[in-house]
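As structure tokens, the structure follows; a few thoughts come after it.
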Amino acid sequence: MAFYQKNIQNEPKLDMANASKILENVFKENQVEPNSVPLELLTSYSNYRKERFFLQRMLLVVIMLLFFMLPFLFIPSSFSITETTKNEKGFPTYTLHTLSKLPVRRISATINGQPMPVSETDTHIYSIIPTVNGKMTVTVTLINNQISSKTIEVKTKDSQAPTLLSSSSDDSHVYLYLSDTESGIDYDHIVGIDLNGKTISPISIDRTTGCVAFLNPDTIQNIYIPDLAGNKLQLVIRIKQ
């Protein structure tokens, strides 16, 4: 089977001068009065009409697309949020379901202006894990910039500060034996502050026994012992002379 391809580049082209001459001969042979409008002007006007028609058609297509997209621009942002579990720090974990079919542009959760962790666990499903107590504002923004917000009161089950079980000292150290049966002691943020405002870190920490050791203070020293839920125990220690 043979295939033939039309070569457009080899097609003969008629220039404007020859085209005008042929048109004059046609008018003359048919005994018609010659055209008073030059062929160049007729050709340029025809091209102008084609370009104008093309622009009008494109404008009509754009208007139709906008018309069909209009309902999607006003689809509201909607979601549900439920408390699911407690994390290791005693804070609740929330599951958020977006109810709108449009893609989500952004989800934010804040407590007193502090952002809370938000992660996507599945399609249209997100997990929010607050780290402090307070009123949490959750905001969902869709791709069409429609926004909705909800406010939830976040409370931990642990509202008790750590407990001092006992204390002891020797010539150089003070030993504090601590306990917290709820969220647990936040050993990384135990700190002492002397009367001059100087921050003093523990010399050693034994997480197994709950023993925290400080150097003997020269003056009164405040010790702050937080737990993982944000509760804090304050102790004042002073070595007797």
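The values are calculated or read from the model by the stated rules, or taken from the named source; none is laboratory data. Nothing here was measured: the structure is a model prediction, and the numbers come from that model. Here the Cβ is made from the backbone with ideal geometry for all residues, glycine too, and neighbour counts use every protein chain on show. Remember, those area values only see protein heavy atoms, side chains included, never the ligands or the DNA or RNA. Shrake-Rupley method; radii C 1.70, N 1.55, O 1.52, S 1.80 Å.
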Exercise. For segment 199-211, name all the residues that are part of a strand (DSSP E or B), surrounded by 13 or more Cβ atoms within 10 Å (Cβ to Cβ) and not β-branched (Val, Ile, Thr).
Key: 211
Quiz item: Hey, residue 120 hits all of (1) outside any strand (DSSP E or B); (2) surrounded by fewer than 16 Cβ atoms within 10 Å (Cβ to Cβ) but one; which does it fall short on?
Solution: (1)
Exercise. Would you please name the residue that is most open to solvent (accessible area, probe 1.4 Å), looking only at residues in segment 217-238 that are farther than 17 Å from residue 177 by Cβ and of a type in the set (S, T, N, Q)?
Key: 219
Practice problem: Return only the number of the condition from (1) open to solvent by less than 80 Å² (accessible area, probe 1.4 Å); (2) not in a strand (DSSP E or B) that residue 145 does not satisfy. | Solution: (1)
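Rundown of residues vs (1) part of a loop (DSSP other than H, G, I, E, B); (2) over 30 Å from residue 103 (Cβ atoms); (3) within 32 Å of the chain's Cα centre (by Cα); (4) of a type in the set (Val, Ile, Thr), yes/no style:
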position: 139; (1), (2), (3), (4): no, no, yes, yes
position: 159; (1), (2), (3), (4): yes, yes, yes, no
position: 175; (1), (2), (3), (4): no, yes, no, no
position: 192; (1), (2), (3), (4): no, yes, no, no
position: 197; (1), (2), (3), (4): yes, yes, no, no
position: 213; (1), (2), (3), (4): no, yes, no, no
position: 223; (1), (2), (3), (4): no, yes, no, yes
position: 233; (1), (2), (3), (4): no, yes, no, no
position: 236; (1), (2), (3), (4): no, yes, no, yes
Quiz item: For segment 94-117, how many residues are exposed (fewer than 15 other Cβ atoms within 10 Å of the Cβ) and in a strand (DSSP E or B)?
Solution: 6
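Within segment 216-224, identify whether any single residue is in contact with a helix residue (DSSP H, G or I) (Cβ under 9 Å, 6 or more places away or on another chain) and within 26 Å of residue 133 (Cβ to Cβ), and answer yes or no.
Yes, the conditions are met somewhere in segment 216-224.
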Quiz item: Since residue 212 meets every condition but one in (1) under 30 Å from residue 129 (Cα atoms); (2) in contact (Cβ under 8 Å) with a residue 40 or more places away in the chain; (3) in contact with a Leu (Cβ under 7 Å, 6 or more places away or on another chain), which condition does it not meet?
Solution: (2)
Quiz item: With respect to residue 160, is the statement that it is open to solvent by 40 Å² or more (accessible area, probe 1.4 Å), in contact with an Asp or Glu (Cβ under 8 Å, 6 or more places away or on another chain) and closer than 30 Å to residue 224 by Cα true?
Solution: yes
